[in-house]
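Below is one structure; the comments refer to it alone.
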Amino acid sequence: GLGGRPALGGVPRCLSAGAAAGPRPYRAFLLDMDGVLHQFGKPVRGAKEFLAHLASQDVPFIVVTNECRYTNEALQHKLEQLLDVKVPTCQIYTCANSVGDFFARALSKGWCGNVFAIGEDGLRDSILRALEINPGSRLLTPADPEDPSVHCDFVCIGSVFTGGSNDTMTGAERASTYLRNGAKLVYSNPDWFEVTADGDYKFGCPMPVVNLLQHTTGCTSYNLGKPNPFMLRQGHKKMVEAA
């Protein structure tokens, strides 16, 4: 991790939260990204200095975000451009990573099957890495040819770039077929929309599609992003591993 910090089980490393309330030691930080480190693509005041301080004091931290469109490498580059601080990819944990860990855990418990996913590179890459351990499992996307003989055990809905190649209702229509045939519905985060710096709304988030699929198929769904404790526990685990 940053600064080559010692393990969390060693000597406690404390950071005072401010003199006004008295010393309140924190040994580690799970940090959100949007609205905490940057907002609308602009650095939050003090974020750069705070990350630099954590690194210089060997305080363990991990960025835990419901952003799933980008890979960890892309988010690392984005944060470095914004804050001039290079956060190691192992200290970034996205809801896409949580989705991947969910399927990796299912595989470790004996599940083997296919996943149909609507999303961008971050989500697809995380699922692919999870499924690699079992050649009998496949990731299907709206770009793949339809094959009625292929069964999917899960449909996973992630965020997409509106107007992009993955922003299409044909993918949702295909997902509904898998759900009617018994697939389970999971999604990367519980967001309904985004608001841009200009005040415009973007509807590439999972919940509009999840809501449509639930309404039309009668299925239930499961969120794998924050505030699901599974994601927070996995983020904490990754932070300990990186420390």
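The values are calculated or read from the model by the stated rules, or taken from the named source; none is laboratory data. Because the structure is a prediction, the values reported are computed rather than measured. Quick reminder, even Gly has a Cβ in these numbers, built from the backbone with ideal geometry, and neighbours come from all protein chains shown.
Here is the figure for segment 105-124: residues that are surrounded by fewer than 20 Cβ atoms within 10 Å (Cβ to Cβ) and under 22 Å from Arg69 (Cβ atoms) total 1. Given the criteria crowded, with 20+ Cβ neighbours inside 10 Å and closer than 16 Å to Glu67 by Cβ, does Gly235 qualify? In short, yes. For segment 139-161, filtered to residues that are surrounded by 16 or more Cβ atoms within 10 Å (Cβ to Cβ) and in contact with an Asp or Glu (Cβ under 9 Å, 6 or more places away or on another chain), the residue that is nearest to Trp192 (Cα to Cα) is Ser159. One residue stands out among those in segment 1-43 that are assigned to a strand (DSSP E or B) and not hydrophobic (A, V, I, L, M, F, W, C): the one that is modelled with the lowest pLDDT, which is Tyr26.
Within segment 169-193, if we keep just the residues that are exposed (fewer than 15 other Cβ atoms within 10 Å of the Cβ) and of a type in the set (D, E, K, R), the residue that is nearest to Gln39 (Cα to Cα) turns out to be Glu173. Apart from one condition, Glu132 fits all of (1) buried (at least 16 other Cβ atoms within 10 Å of the Cβ); (2) charged (D, E, K, R); (3) outside the structural domain of Pro60 (by TED's automatic domain parsing); the exception is (1).
Mind checking which pairs have a first residue in segment 44-69 that is assigned to a helix (DSSP H, G or I) and a second that is acidic (Asp, Glu), Cβ under 9 Å, 6 or more apart or different chains? If the second residue must be acidic (Asp, Glu), the pairs left are Lys48/Asp84; Ala52/Asp84.
Among the candidates Leu51, Leu83, the residue that is modelled with pLDDT under 95, in the same structural domain as Lys237 (by TED's automatic domain parsing) and crowded, with 21+ Cβ neighbours inside 10 Å is uniquely Leu51.
Looking across Gly158, Gly204, Gly235, one residue alone is assigned by TED's automatic domain parsing to the domain that holds Val63 and under 27 Å from Asp32 (Cβ atoms). It is Gly235. Scanning segment 211-237 for residues being of a type in the set (Val, Ile, Thr) and within 17 Å of the chain's Cα centre (by Cα) gives a total of 0. Scanning segment 166-198 for residues that are closer than 26 Å to Asn228 by Cβ and assigned to a helix (DSSP H, G or I) returns Gly171, Ala172, Arg174, Ala175, Ser176, Tyr178, Leu179, Arg180.
Filtered by the rule that a residue be surrounded by fewer than 19 Cβ atoms within 10 Å (Cβ to Cβ) and either in a helix (DSSP H, G or I) or aliphatic (A, V, I, L, M) (or both), segment 218-232 gives Pro229, Phe230, Leu232. Take Ala96 and tell me if it is within 30 Å of Ala243 (Cβ to Cβ) and either surrounded by fewer than 18 Cβ atoms within 10 Å (Cβ to Cβ) or not hydroxyl-bearing (Ser, Thr, Tyr) (or both). For Ala96, the condition - within 30 Å of Ala243 (Cβ to Cβ) and either surrounded by fewer than 18 Cβ atoms within 10 Å (Cβ to Cβ) or not hydroxyl-bearing (Ser, Thr, Tyr) (or both) - is met.
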